[in-house]
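First the structure, in the form of structure tokens, and then the observations on it.
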Amino acid sequence: MRGRSVFAQRGFGAGSFVIEFGGDRFSRDEYISRVDPGNNHFLQIGRNLFLGPTETADNFINHSCDPNCGLRVEAGRAYLFAIRPIAAGDEITFDYSTSMDEDFWEMRCQCGSAVCRGRIRDFRHLPAEVRDRYLSMGAVPEFVLSALADKPAVTGMIVETRAGAGFSPAAGGARAALRAP
């Protein structure tokens, strides 16, 4: 059961801004004390910074091991951007693991994609080819990348970013182009 979902009301081209995440800000300790592990709607946006649950569409964007969106965090704000074309009616998804460096929460994946990994956990635990694919798309926030240097998943792994690659959160109207039934 996937619960509530968010669907595109219009198409988005690859690289397009899709939605900005909202929510109150919490430290890691506050997050740990408040999170319901069975129904986690927090989003990590910094080493010690999490956005809390909302009642808006951003709260209902599901995980997929084969997502159509990636996460970017800039100046303390979190944005989804299309990593491939999205058609009207498509479910909006991103890989939760790309936003995770918290060593606290994991869950069994039920995304149903042909490439489902079966578990959602911190980015450094992803298979190397999956990490490399997300890195090449610029779909991994800087705080996750810097954490890899501190506790690398693979000895000698080189991490690089593509700053500013392909989307602008200033592209208005994206929130209006989404619906959460």
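The values are calculated or read from the model by the stated rules, or taken from the named source; none is laboratory data. The structure displayed is predicted, hence computed values, not measured ones. Positions of Cβ are backbone-derived with ideal geometry, glycine not excepted, and every protein chain shown enters the neighbour counts.
Structure above, values below:
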quantity	calculated
Every residue from the stretch 97-129 that is without any contact (Cβ under 8 Å) to a residue 40 or more places away in the chain, surrounded by 13 or more Cβ atoms within 10 Å (Cβ to Cβ) and hydrophobic (A, V, I, L, M, F, W, C)	Phe123, Leu126
When residues of the stretch 7-44 are limited to those that are out of contact with any helix residue (DSSP H, G or I) (no Cβ under 6 Å at 6 or more places or on another chain) and of a type in the set (Lys, Arg), the one modelled with the highest pLDDT	Arg25
Count of residues meeting criterion [under 22 Å from Cys109 (Cα atoms) and out of contact with any strand residue (DSSP E or B) (no Cβ under 7 Å at 6 or more places or on another chain)] in the stretch 35-53	8
